[in-house]
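One structure is given here, and the rest of the page talks about it.
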Ligand code: BG6
């Protein structure tokens, strides 16, 4: 069933265009308005929500961190992202006006389930974003928004992650529509841009040969750092998590702006650092700030592995290697930039002779607290 791929993980990386496309399917009505028909919470409740708390674990939590940027921007509702096991045990402030969004591939993660129960006891409404039909968490939620990634076999999550971001974005657009935060044509434009993403994700996968080659060369490396800013920050965290999970080497993700406040002390000659560069076409001035970060670490001898948007020549003077991704709106870029990092971890672990589908000590779904 691996469809000719060496591992389920490799197959699931290649499934991603379809997983995102399927998650977007059938979400608009005849007038082009977004409809999330498996959402069963009174619209009046969703109109008065004054805070969203995303609860999840592992990769699903990084999907939540990405979604925070989009939902806050589109809906003007504060979004907190909490690891489910931390949320549950710190007396969180939740009430009837809190919308809890639980993100989980399996729908069975015990930490997340406990957090869902706790939130509902406090009166919060819970929408779960889940991949596995018939699992426990959607049954215990007020509403569910299914991702349509298909079964994910490899322990390390890939296609579920991209579908979770997609589903959370749909939820954000739906809330913006319901609450009147955006004009219908603005929402339609973003939805159209989302629908272009499967083709662009395919493009990133098709360009994977170079990142695979670099991963094989780096099979004996002992530490890799990942830097990103804005939505690139959770992508950096996810890139590091993948490498830890699969290759068992030290990897850490940082917010690029935090570099000068500590992590730059780690930079010594030869240290490999992935840098996720925001689009130069973005509204913020973040692009030039991240370019300065690359310059700073390069000056201290780092080997810079740069993810940049097609045509962004500003990265060239400071990059030892550039992995190009197609142009995309800033908020949608994580659906592209994470893919080379998945491929890198999968390939590097394989080159080390490891089983990427069944990493040591890990389980696909953790059903104990
Ligand atoms: C971990 C898995 O144990 O659980 C991760 O190894 C996953 O891949 C995390 O992201 C959360 O799982 P779920 O099923 O709740 O998304």
Give, in nm to one decimal, the length gained when the segment between residue 42 and residue 93 is fully stretched (0.36 nm per residue of separation minus the Cα-Cα distance). 16.2 nm
Net length gained if the chain between residue 120 and residue 140 were fully extended (0.36 nm per residue, minus Cα distance): 6.3 nm
Under the rule rounded for a/c under 1.5, else prolate if a/b exceeds b/c, else oblate, using alpha carbon gyration tensor axes a ≥ b ≥ c, the stretch 230-270 is classed as oblate
Distance (nanometres) between label positions extended 7 Å along Cα→Cβ at residue 367 and residue 292: 5.2
Given only helices, namely DSSP H runs of n ≥ 4 each adding -39500 (n - 2.57), what is the per-residue ellipticity at 222 nm of the chain, to the nearest 500 deg cm²/dmol? -13500 deg cm²/dmol
Determine the percent antiparallel among the DSSP beta bridges restricted to the stretch 14-157, to the nearest 5. 5
List, largest first, the extents of the alpha carbons of the chain along their principal axes, each in whole Å. 56, 43, 42
According to the square roots a ≥ b ≥ c of the eigenvalues of the Cα gyration tensor, what is the shape class of the stretch 186-295, taking rounded for a/c under 1.5, prolate for a/b larger than b/c otherwise, and oblate for the remainder? oblate
Could you calculate the contour length gain from residue 320 to residue 351, that is, 0.36 nm times the residue separation minus the distance between their Cα atoms, to one decimal place in nm? 9.0 nm
Shape call for the stretch 278-355 from the C-alpha gyration tensor, a ≥ b ≥ c root eigenvalues: rounded (a/c under 1.5), prolate (a/b greater than b/c) or oblate? oblate
Quick one: if the Förster radius is 45 Å, what FRET efficiency do residue 153 and residue 299 give, using the C-beta to C-beta distance and rounding to 0.05? 0.55
What order do you get for 83-94, 353-364 when each peptide is scored by the mean count of other beta carbon atoms within 10 Å, highest first? 83-94, 353-364
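Values in this text are rule-based calculations from the coordinates and carry no lab data. Computed from a prediction, not measured in an experiment: that's the story for all the values here. Positions of Cβ are generated from backbone atoms using ideal geometry, with glycine treated the same way; all protein chains shown enter the neighbour counts.
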